[in-house]
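The values are calculated or read from the model by the stated rules, or taken from the named source; none is laboratory data. All values reported here derive from a predicted model rather than from experimental measurement. Heads up, the Cβs are rebuilt from the backbone with ideal geometry, glycines too, and the neighbour counts pull from every protein chain shown. Ligands, DNA and RNA are stripped out before the accessible areas are found, and what is left, the full protein with its side chains, is counted by its heavy atoms. Shrake-Rupley method; radii C 1.70, N 1.55, O 1.52, S 1.80 Å.
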Amino acid sequence: MTDTPRPRRSALYMPASNAKAIEKARSLPCDVVILDLEDAVAPEAKLMARLQAVEAVKAGGFGRREVVIRTNGLDTPWGADDLAIAAGAGADAILVPKVSSAADVKAYDAAIEKAPAGTKLWAMIETCAALFALNEIAATAQDTRLSAWVMGTNDLAKEMRCHQTADRAPFWGPLSLSVAAARAHGLTILDGVYNDIESIEGLIDVCQQGVQFGFDGKTLIHPKQIEPCNLVFSPAPGEVDWARSVIAAFALPENAGKGAIRVEGRMAELLHLSQAERLVAVAEAIAEADAA
């Protein structure tokens, strides 16, 4: 199940083959650093990247940022060793690619069984097959380390042979169903990357769309994308104020036991109370993280 709310607005992929990029990640304002051994690393650099990622995690210095190692798949020449060695690094999570079934999750979970208890399993949802097994994949969170999904929209577009339009219309079904399945089983879920590094306006648009879908944050490919992403995925001050008002109103003695009350001229039900409590918890975690 999902752990205590914490900011995961921005998750930046950094090629673990690039020592300077890893060092830079220690000072960037992203919430999550993903040290990538897979797509961002050429075959001849895979072994070096693995070594540098593990050394970076063990060395620490990432502050309040979550540190995740993305490994190669078990169906590649590097995957099994990636997982075995990454399991001993003590990362916050290990992100695995192209998960298409519940059996895949269990295989990856078994491969990192010797990892510290605090190391979670994150899975990429990026295949057509996964879209027809979302509930089954998410349900494995009950008895594995699985705690988060990351959408791999580039790989998904390749498999679907669809066009990545500005409004992402070909992905509306996959994205909304993935969010629903993740929520049904208490998983964090992060949106896929935005490829046009120079278009901050376009990035903001897709971040806003991601918020509308219900994503917790977004994966990124360049440091310049971090601050716009953090801004969009942070609760607006007005939302936080309203949430605090709802919490305070339900705490009044005269409202004890009521299922619905009126707050500042608007109806609020108990479901709004639980939403308000989570939103405030996330806002407080963001404020603490940004102050660190």
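Observations on the model:
- Here is the size of region 74-153 from its Cα atoms: Rg then Dmax, 11.7, 33 Å.
- Estimated FRET transfer efficiency when R0 is 30 angstrom, pair A19-E284 (beta carbons, to 0.05): 0.30
- Fraction of accessible area attributable to carbon and sulfur, region 188-292 (%, probe 1.4 Å): 54 percent
- Length gained on full extension, D75 to K224, computed as 0.36 nm times the residue gap minus the Cα-Cα distance: 50.3 nm.
- Paramagnetic reach from R244 (point 7 Å along Cα→Cβ, amide N under 19 Å) across region 265-287: 265-266, 273-287
- A convex hull fitted to the Cα coordinates of region 169-292 yields 140 cubic angstrom per residue.
- Summary of packing: across the peptides 262-268, 170-176, the per-residue average of other C-beta atoms within 10 Å ranks them, highest first, as 170-176, 262-268.
- Here R183 and I85 are evaluated by their C-beta separation; at R0 = 35 Å the FRET efficiency comes out at 0.60.
- Part-to-part distance (alpha-carbon centres) for region 115-160 and region 176-225, which is given in Å: 15 Å
- Across the accessible surface of region 102-144, with the other protein chains kept in place and a 1.4 Å probe, carbon and sulfur atoms take up 54 percent.
- Contact order relative to length of region 114-172, as percent, for alpha carbon pairs under 8 angstrom and 6 or more apart: 39 percent
- Point-to-point label distance, A256-S27, nm (Cα→Cβ direction, 7 Å offset): 5.5 nm
- At a probe radius of 1.4 angstrom, the accessible area of the chain per residue rounds to 46 square angstrom.
- Each peptide in 245-258, 194-207 was scored by the mean count of other Cβ atoms within 10 Å over its residues; highest first, the order is 194-207, 245-258.
- Two-decimal log10 I(q)/I(0) for the chain, as the Debye equation yields it once each C-alpha is a single scatterer, q = 0.10, 0.11, 0.12, 0.13 Å⁻¹: -0.55, -0.66, -0.78, -0.90
- Links that overshoot a 31 Å alpha carbon limit, given the list K106/K218; K114/K224; K24/K218; K218/K258; K24/K106: K114/K224; K218/K258; K24/K106
- Heavy-atom accessible surface of W78, to the nearest 10 Å², is about 60 Å², with a 1.4 Å probe and all protein chains retained.
- A full extension of the chain between M48 and I204 corresponds to an added length of 52.7 nm, given 0.36 nm per residue minus the alpha carbon distance.
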